[in-house]
Amino acid sequence: MNMPIYQLADVVKLYGQREVLHLDELAILRGEIFGVVGPSGAGKSTLLRLLDFLEPPTRGQIRFGDYTTGNNGTTLLSVRRRLAMVFQRPVLLNTTVADNVAYGLRLRRAERIAQRVQVALEQVALRHLALAPARTLSGGEMQRVALARAIVLEPEVLLLDEPTANLDPYNVGLIERIVADLNRQRGTTIVLVTHNVFQARRLAQRAGLLLDGRLVEVSAASQFFTAPGDPRTAAFVRGEMVY
């Protein structure tokens, strides 16, 4: 069994006086696709922001490899460079597709930038649009550019926040295939946040249900989607409204 790459203990996140996340414990295993499902407002995106060290927990600890953060807000650049995140609504620079994908590599003064960008664009089936202005792309194409910009960095962990929301079936299928290939071929650890139960079932090896900022159940996908232990999980998997 793979060892955890993340370990969360007694993690609480407050915005003002409002508690949006409260996790007693959570382990994410190295090399797995971990799916986080739940309704809007359940705390899924907040969890991703904590895993990406974009902000610290109000209380508790997040351990990533040998690095542990508490509530002091300290985040090491070397740690964050091992991670990449793709948001639900991609924000692209007002330049070409290739320049968007190259942006992170240039900041890191990487080598073979042009070659790596071409490989990433090939992976997301956008090589033919390398010189196109990014702002002229469709929504699905823009999301694939954002994905290429993340995977070109070859992160240990890829964090995905509703990566196919509002996309057409072609782009959904393409992005799902890219994600599965990254996990299988590179061993990339992937945390997928989605309200789409079917997508989580297709991709995740383990899954968890988040409701009102708390994890209701975490288990292997085979159990989570077919024989969940909690009635709230069973209802959510059936497509019922659960709050």
Given H placed 1.01 Å from N in the peptide plane, which residues other than close sequence neighbours of Leu215 have an amide H under 5 Å from its amide H?
Asp24
Whose amide H sits under 5 Å from the amide H of Ala132, counting only residues 5 or more places off or on another chain, with H placed in the peptide plane?
Val97, Ala98
So the angle from the long Cα axis of helix 113-123 to the longest Cα principal axis of the chain, reported in degrees to the nearest 10, equals 60 degrees
For the chain, which longest stretch is free of loop sites, where a loop site is one of the trypsin sites (Lys or Arg not before Pro) that DSSP puts outside H, G, I, E and B and that has at most 11 other Cβ atoms within 10 Å?
113-237
Which whole-Hz couplings ³J(HN,Hα) result when phi for each residue of the range 215-227 is put into the Karplus expression 6.51 cos²θ - 1.76 cosθ + 1.60, θ = phi - 60°, listed in order with x for Gly and Pro?
7, 7, 7, 10, 7, 4, 4, 4, 7, 4, 9, 10, 8
Are there any GluC sites (Glu not before Pro) in the range 56-163 that are in a DSSP loop and have at most 13 other Cβ atoms within 10 Å? List them by number.
Glu111
For the range 92-109, Karplus couplings with θ = phi - 60° (6.51, -1.76, 1.60), whole Hz, Gly/Pro x
10, 6, 7, 8, 6, 4, 4, 5, 4, 5, 7, 3, x, 5, 5, 4, 8, 6
Applying the Karplus parametrisation 6.51 cos²θ - 1.76 cosθ + 1.60 with θ = phi - 60° to the phi angles of the range 58-69, what ³J(HN,Hα) value in whole Hz is obtained for each residue in order, glycine and proline being reported as x?
5, 9, x, 10, 10, 9, 10, x, 9, 9, 10, 10
Most fluctuating residue given options Ala27, Ala200, Ala227, as computed from a GNM of the chain linking Cα atoms under 10 Å
Ala227
Relative to the longest principal axis of the C-alpha atoms of the chain, give the angle of the C-alpha long axis of helix 169-181, reported between 0 and 90° and rounded to the nearest 10°.
80 degrees
Taking Lys and Arg as +1 and Asp and Glu as -1, residues besides Gln88 with C-beta under 10 Å from its C-beta add up to -1
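Read-outs: derived from the displayed coordinates by stated rules, not from any lab. It should be emphasised that the depicted structure is a prediction, and the values quoted were computed from it without experimental measurement. Ideal geometry is used to build each Cβ from the backbone, glycine not excepted, and the neighbour counts take in all protein chains shown.
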